[in-house]
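First comes the structure, then the notes that go with it.
The values are calculated or read from the model by the stated rules, or taken from the named source; none is laboratory data. Please read these numbers as outputs of a predicted model, since none were measured by experiment. As a convention, Cβ positions derive from the backbone with ideal geometry for all residues, glycine included, and neighbour counts pool all protein chains shown.
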Amino acid sequence: MLHISLPAEIIFHLDSFPVTNSLLVTVLLTFLLLLVSFLSTRKVARVPSGWQNFLEMVIEAFWNLTESVAGKKAQRFFPLVFTFFLFIILGNWSGLIPGFASLGFWEMKEGRHVLVPLFRGATADLNTTLALALVSVVAIQYYGFRQLKLPYLKRFFDFKNPIKLFVGILELLSDFAKVISFSFRLFGNIFAGEVLLLVTAFLTPLVVPVPFLLLEIFVGFIQAFIFAMLTLVFLNVATAEEGH
Amino acid sequence: MELLAVGLTMAIGGMVPALAIGLLTAKAMEAIGRNPEAATKIQTNMILGIAFAEAIAIYALVVALIIKFVP
């Protein structure tokens, strides 16, 4: 029977700290990203070819997009935003690797024999997406403070007139809503995709899941792009100088 | 009763976001038709707007999933 678990399953304990299967995948992805970055930047040729060419293409495309949104501040925001994009796209696509829902341990849970998968898509866990959303929103506040120093608080508490005060309170609320919105948008899209793939594989294992896999690849890319772009747009708004 | 709630959550919660996305895309098509040179800019902003609208539908989906799979 179909076994779908909303929370990520715990695979082992590190001295009373529960390690879930998605946590394992995020650690693996981090090492993979670090390894690829280190190996790719060792011998940088003047005229790129092959792997370096592909990486430069991706970075240049994203850089142009960042510059068109943030203008002169692009250099400051680019590392954070591009890292979000890379980590999230790999996290989204990690759930599509064959073997992710099938390799695991058999355990007794509540009297039933269930399979606990060893791996699970990194962003199919609300913990991961919540962590990413918190980092994003805290980074927005940090960059805002660094750019505008104390007057950054005028975005939320503007005592000039009651309307501006009300708008400021709304801005404060909307920043909390951003955390929820970021985390649930990413989690909902990716987890729903995993459920969809599970159900289609359960109903018709041959041929039919293929278009859904393609859809999930596309959705994974779009969600990573959305997260990175929204972070960039909010960063831009937070560091905007007064008086346009 | 629970199954009814799950089905209705997703059905009703998906109606207005679908309408919103349709309106967004329609206006974007119109804008591109008027000014084909700005197509990439319009497209990028359209995708952004669609993500916001879709997030609401995703909230409904998550609630439906919670009702169904959390005992």
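Looking only at region A:6-21, count every residue that is among the acidic types (Asp, Glu) and more than 14 Å from chain B (Cβ to nearest Cβ) and tell me the total.
Looking only at that region, the number is 1.
Which one of these is among the aromatic types (Phe, Trp, Tyr) and in contact with a Phe, Trp or Tyr (Cβ under 8 Å, 6 or more places away or on another chain): A:Phe87, A:Phe105, A:Phe82?
A:Phe82
Tell me yes or no: at least one residue of region A:187-197 is aromatic (Phe, Trp, Tyr) and surrounded by 18 or more Cβ atoms within 10 Å (Cβ to Cβ).
Yes, region A:187-197 contains a residue that is aromatic (Phe, Trp, Tyr) and surrounded by 18 or more Cβ atoms within 10 Å (Cβ to Cβ).
Going through A:Leu90, A:Leu35, A:Leu86, A:Leu29 one at a time, which residue ends up being touching a Ser or Thr at 6+ places or on another chain (Cβ under 8 Å), among the aliphatic types (A, V, I, L, M) and modelled with pLDDT of 90 or more?
A:Leu29
Can you pull out the residues in region A:31-52 that are part of a helix (DSSP H, G or I) and either without any contact (Cβ under 8 Å) to a residue 24 or more places away in the chain or within 21 Å of B:Thr40 (Cα to Cα) (or both)?
Once the filter is applied, which keeps residues that are part of a helix (DSSP H, G or I) and either without any contact (Cβ under 8 Å) to a residue 24 or more places away in the chain or within 21 Å of B:Thr40 (Cα to Cα) (or both), region A:31-52 yields A:Phe31, A:Leu34, A:Leu35, A:Val36, A:Ser37, A:Phe38, A:Leu39, A:Ser40, A:Trp51, A:Gln52.
From the list A:Leu115, A:Leu130, A:Leu186, which one is touching a Phe, Trp or Tyr at 6+ places or on another chain (Cβ under 7 Å), in a helix (DSSP H, G or I) and among the aliphatic types (A, V, I, L, M)?
A:Leu186
Determine which member of the set A:Glu107, A:Glu67 is surrounded by 14 or more Cβ atoms within 10 Å (Cβ to Cβ), out of contact with any Pro (no Cβ under 6 Å at 6 or more places or on another chain) and on the phi < 0 side of the Ramachandran plot.
After applying the criteria, what remains is A:Glu67.
Given the criterion surrounded by 13 or more Cβ atoms within 10 Å (Cβ to Cβ) and among the aliphatic types (A, V, I, L, M), identify the matching residue among A:Leu14, A:Leu33, A:Leu39.
Answer to the check: A:Leu33.
Under 7 Å by Cβ, and 6 or more places apart or on different chains, what pairs join a residue from region A:53-77 that is farther than 20 Å from A:Asn236 by Cα with one that is among the small types (Gly, Ala, Ser) and part of a helix (DSSP H, G or I)?
From residues that are farther than 20 Å from A:Asn236 by Cα, the pairs are A:Leu55/A:Ser40.
For region A:173-198, which positions are within 18 Å of A:Val237 (Cβ to Cβ) and within 14 Å of chain B (Cβ to nearest Cβ)?
Result: A:Ser174, A:Ala177, A:Lys178, A:Val179, A:Ser181, A:Phe182.
If A:Ser40 passes every condition in (1) in contact with a Leu (Cβ under 7 Å, 6 or more places away or on another chain); (2) of a type outside the set (A, V, I, L, M, F, W, C); (3) closer than 19 Å to A:Lys178 by Cβ; (4) at pLDDT below 90 but one, which one does it miss?
Here A:Ser40 clears every test but (3).
Using the structure shown, decide if A:Leu170 is away from chain B (no Cβ under 14 Å), surrounded by fewer than 16 Cβ atoms within 10 Å (Cβ to Cβ) and out of contact with any Asp or Glu (no Cβ under 9 Å at 6 or more places or on another chain).
Yes, satisfied.
Any residue at all in region B:29-40 that's surrounded by 12 or more Cβ atoms within 10 Å (Cβ to Cβ) and among the basic types (Lys, Arg)?
no
In region A:199-244, how many residues are surrounded by 19 or more Cβ atoms within 10 Å (Cβ to Cβ), of a type in the set (Ser, Thr, Tyr) and either under 20 Å from A:Gly95 (Cα atoms) or within 14 Å of another protein chain (Cβ to nearest Cβ) (or both)?
1
Identify all residues within region A:197-232 that are outside any loop (DSSP other than H, G, I, E, B), polar (S, T, N, Q) and more than 24 Å from A:Leu130 (Cα to Cα); write none if there are none.
Once the filter is applied, which keeps residues that are outside any loop (DSSP other than H, G, I, E, B), polar (S, T, N, Q) and more than 24 Å from A:Leu130 (Cα to Cα), region A:197-232 yields only A:Thr200.
Kindly indicate whether any position in region A:194-212 is of a type outside the set (S, T, N, Q) and under 19 Å from the mean Cα position of the chain (by Cα).
Yes: one or more hits.
Scanning region A:52-106 for residues that are away from chain B (no Cβ under 14 Å) and of a type in the set (Ser, Thr, Tyr), which turns out farthest from A:Phe187 (Cα to Cα)?
A:Ser102
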